[in-house]
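Chemist: Have a look at the structure that comes next, please.
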Amino acid sequence: MVLDTVEDTHKEAALGYILDAWEEAIYDGIEPEMMANAALFAALSDLITIYGEDAVAKMAGGLARRINHGEFTLRRTTQ
């Protein structure tokens with residue numbers, strides 16, 4: 001994958017840090033659901049600090065559509 005900008009490089013690095021911490025927590029016995037809830041709380045808290053509640057509420061309102069379209073689905077199951 002070719003990274004176009006410093007922002008792309010930083011986004012990829014940030015995801016790497018999150019995934020490393022996630023893997024370490026799972027190894028230490030923390031359930032994935034607890035990690036997910038903690039990550040969402042931390043992310044939303046930071047976004048609210050940066051952009052404010054109204055902007056984050058608007059962004060979060062669009063998540064249902066993105067989830068339903070499979071944007072966050074890593075493993076698809078076929079029935």
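Chemist: Just checking my list [x] 73; [y] 57; [z] 67 against percent of Cα pairs over 15 Å apart computed from this structure; which label fits?
Modeler: [x]
Chemist: 222 nm [θ] for the chain, helices only, -39500 (n - 2.57) per DSSP H run of 4+, per residue, to 500?
Modeler: -23500 deg cm²/dmol
Chemist: At Asp8 and Glu71, where each label point lies 7 Å from the Cα along Cα→Cβ, what is the point-to-point distance in nanometres?
Modeler: With each label placed 7 Å out from Cα toward Cβ, I get 2.0 nm.
Chemist: Next up: Between beta-carbons, use under 15 Å as the cut-off and find the net charge around Asp4, counting Lys and Arg +1, Asp and Glu -1.
Modeler: -2
Chemist: Spin-label point model (7 Å from Cα, Cβ direction): what's the Ala39 to Ala21 distance in nm?
Modeler: About 1.1 nm separates the two model spin labels.
Chemist: How far apart, in nm, are two points set 7 Å out from the Cα along the Cα-to-Cβ line at Thr49 and at Ala64?
Modeler: It works out to 3.0 nm between the two label points.
Read-outs throughout are calculated quantities, based only on the coordinates presented, and are distinct from any laboratory measurement. Given the structure is predicted, the values throughout are model-derived calculations rather than measurements. Backbone-built Cβ (ideal geometry, glycine too); neighbour counts: all protein chains shown.
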